[in-house]
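Accompanying notes for the structure given below.
The values are calculated or read from the model by the stated rules, or taken from the named source; none is laboratory data. Remember, it's a predicted structure, so these values are computed and weren't measured experimentally. When we count neighbours, we look across all protein chains shown, and the Cβ atoms used for this are built from the backbone with ideal geometry, even at glycine. For the accessible areas, the whole protein counts, side chains as well, though only heavy atoms, and no ligand, DNA or RNA atoms are used. Shrake-Rupley method; radii C 1.70, N 1.55, O 1.52, S 1.80 Å.
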Amino acid sequence: TPDDMDFENRLRLINSESETVKPDILCVQELEEKEEQRFASIPSLASFDHVCQPRADHDTIKPKIEGSAVFFSKDRFSLLKKHRLTLKMIKEIYPLSDAFSKEMIKSCAASLLILETKEDDPLQRKKGSKTRLAVLSTHLPFSVTVGHVKFASIILIMKVLRELKKVYEFSDFFICGDFNLVPCSMLYDFLVSSSLDLNLGLKDFSMQKWAL
């Protein structure tokens, strides 16, 4: 309905939900660049900071209007490092073919933060210690024929997390996003159990077309 699409109405609903749930971390996708600061100003996020990465256009480096963001409570966490990631398959490296179609040059944006709990926070493993965690928010492509692109993006995200863990030694990580997957898909199983079923064709990895 028009009310569902109205940004101000959405903000009111999100603010109401946030006041009820009282999250310490909030991940957002499809946040339009022009609305980023307006979103950050809602009352329930008054004590939050955030990082947002716009999705790069597949033809230029100019940011498009939507991005993925991570909001976090400044009362609970200190920000150690922020990374704005653009995951993009380059057509010069992956020539157009049955396996690597023109969809391969679509990009995927992600905001990744390394956070550390503050003194005496309940998340600490023991009194006097601090807990580090990584939080990533992303949005994988919607197109039903690019399951292999989503798979490649997930692998790249995991690789980045593994490398950052060596540097920051965080104990936990959280990956949130709009993955455009269905629960019966190989990619869903991969995310929750690290198992792979490679009996499917490359473009069927997400099985998204079954849900349409």
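Scanning segment 163-193 for residues that are surrounded by fewer than 15 Cβ atoms within 10 Å (Cβ to Cβ) and either in a loop (DSSP other than H, G, I, E, B) or without any contact (Cβ under 8 Å) to a residue 12 or more places away in the chain (or both) yields E163, K166, V167, E169, S171, P183, C184, V192, S193. Taking every residue in segment 12-34 that is among the acidic types (D, E) and pairing it with any residue that is open to solvent by less than 50 Å² (accessible area, probe 1.4 Å), at least 6 positions away or on another chain, the pairs with Cβ-Cβ distances below 6 Å are E19/S44; D24/S73; E30/E66; E32/E66; E33/P54.
Scan segment 12-28 for residues that are under 20 Å from the mean Cα position of the chain (by Cα), among the hydrophobic types (A, V, I, L, M, F, W, C) and in a helix (DSSP H, G or I) and the total you get is 1. The residues in segment 151-172 that are closer than 18 Å to A109 by Cβ and touching a strand residue (DSSP E or B) at 6+ places or on another chain (Cβ under 6 Å) can be counted, and the count is 3. Of everything listed in (1) under 20 Å from F72 (Cβ atoms); (2) in a helix (DSSP H, G or I), the single unmet condition for L31 is (2).
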